[in-house]
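Below is one structure, written out as structure tokens; comments come after it.
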Amino acid sequence: MAADETASPPPPKQRDTPARRNPLQGKGADLKIAFVASEAEKAQSALKALAAHYPSVETPEEADVVVALGGDGFMLHTLRALIGGGKPIYGMNRGTVGFLMNEYSPDDLIERLMKAEALKLYPLRMKATRVDGGVEEAIAINEVSVFRETRQAAKIDIRVDGVARLNGLVCDGVLLATPAGSTAYNLSAHGPIVPLGAGVLALTPISAFRPRRWRGALLPQSAQVEFEIRNTAKRPVSAVADSTEVRDVAHVAIFEDRSVAATIMFDPEHNLEERILKEQFAA
């Protein structure tokens, strides 16, 4: 190559892999859409506009694709409600942040759905044992967190795959986040942003007091994490899987459940992988 020649940039990565391929290909005019919306006024208004413009079915079970109208909280609720059912979910933002949503527009919806990229998200499964011995399970797309319930800081032992890794963490709480959730509460707690496909989970303390310099850990996605709560009478703790809260817990076990998945769809120019990557360079 001559000295004044510039090397051509590598071609963009091929995105049409089985994991990302649009599951609606071939549906075309026969596409069955179910619209769901949060109770917010903007979401309900959008629901009326879209339902009047596009043929739709009554329930997600009848549909090829579910179009969710609302904010990130409503999208998480929809993903959890439909997880494992094989229905792709395409969100349009009628909320505030809309990190998990596409831009709202009533125009060209069929064309957008046919061009969208699909992504499988695997949830965390939480098993929380209360002080009274009761057990509750829940799944989380973003994160599982434990929090102090009173003015007293929580005191927590952490085990990973049965091995004690940190005893007596004194803190407001601690969380385990998926890559998709790493830009949510995890980021606000100064945890690391995890690219999709990295194969790791983020373990992040919330306002750690002792050990003061511990900033968390990155764990393989196969890790099984346990939080053992000390002094539960004096230092009560709640466990939260996204929006599902269990109060007065003594023990919390968490793992990534790859036996079920939620399929979320994005416009190609605003896919979730690109959004997470951009967050790492945000000023």
Exercise. Does region 117-176 hold any residues that are in contact with a Pro (Cβ under 6 Å, 6 or more places away or on another chain), surrounded by 20 or more Cβ atoms within 10 Å (Cβ to Cβ) and under 15 Å from residue 232 (Cα atoms), and which are they?
Worked result: 171
Exercise. Given (1) in a loop (DSSP other than H, G, I, E, B); (2) among the charged types (D, E, K, R); (3) over 17 Å from the mean Cα position of the chain (by Cα), where does residue 112 come up short, assuming only one miss?
Worked result: (1)
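Can you pull out the residues in region 82-116 that are free of Cβ contacts under 8 Å to residues at least 24 places away in the same chain, surrounded by fewer than 15 Cβ atoms within 10 Å (Cβ to Cβ) and polar (S, T, N, Q)? Spell out the reasoning first.
Step one: of region 82-116, the residues free of Cβ contacts under 8 Å to residues at least 24 places away in the same chain are 93, 105, 107-108, 111.
Right, trim to surrounded by fewer than 15 Cβ atoms within 10 Å (Cβ to Cβ) and you get 105, 107-108, 111.
Answer for region 82-116, where residues must be free of Cβ contacts under 8 Å to residues at least 24 places away in the same chain, surrounded by fewer than 15 Cβ atoms within 10 Å (Cβ to Cβ) and polar (S, T, N, Q): just 105.
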Problem set entry | Unmet requirement for residue 245, which otherwise passes all of (1) within 29 Å of residue 282 (Cα to Cα); (2) free of Cβ contacts under 8 Å to residues at least 12 places away in the same chain | (1)
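List the strands (runs of 3 or more DSSP E) that sit entirely inside region 172-243 and contain at least 1 residues that are farther than 22 Å from residue 138 by Cα. Before you say what the answer is, go through the steps one by one.
Details: elements: 173-177, 200-206, 217-220, 224-229, 237-241.
Qualifying strands (runs of 3 or more DSSP E): 217-220.
Could you count how many residues in region 262-283 are in a helix (DSSP H, G or I) and open to solvent by 40 Å² or more (accessible area, probe 1.4 Å)?
Of region 262-283, the ones in a helix (DSSP H, G or I) are 268-270, 272-279.
Within this subset, residues satisfying the condition of being open to solvent by 40 Å² or more (accessible area, probe 1.4 Å) are 268-270, 273-275, 277-279.
Residues flagged as in a helix (DSSP H, G or I) and open to solvent by 40 Å² or more (accessible area, probe 1.4 Å) within region 262-283 amount to 9.
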Seminar exercise, completed: The condition of being open to solvent by less than 50 Å² (accessible area, probe 1.4 Å) and of a type in the set (Gly, Ala, Ser) holds, among 233, 250, only for 250
For this session: Those residues that are touching a residue at least 24 places away in the same chain (Cβ under 8 Å) and open to solvent by 40 Å² or more (accessible area, probe 1.4 Å), I need them from region 177-195; list them, please.
Result: 185, 187, 190, 192, 195
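The values are calculated or read from the model by the stated rules, or taken from the named source; none is laboratory data. Keep in mind the model is a prediction, meaning the values are calculated, not measured. With ideal geometry, Cβ positions are generated from the backbone for all residues, glycine too; neighbour counts draw on all protein chains shown. For the accessible areas, the whole protein counts, side chains as well, though only heavy atoms, and no ligand, DNA or RNA atoms are used. Shrake-Rupley method; radii C 1.70, N 1.55, O 1.52, S 1.80 Å.
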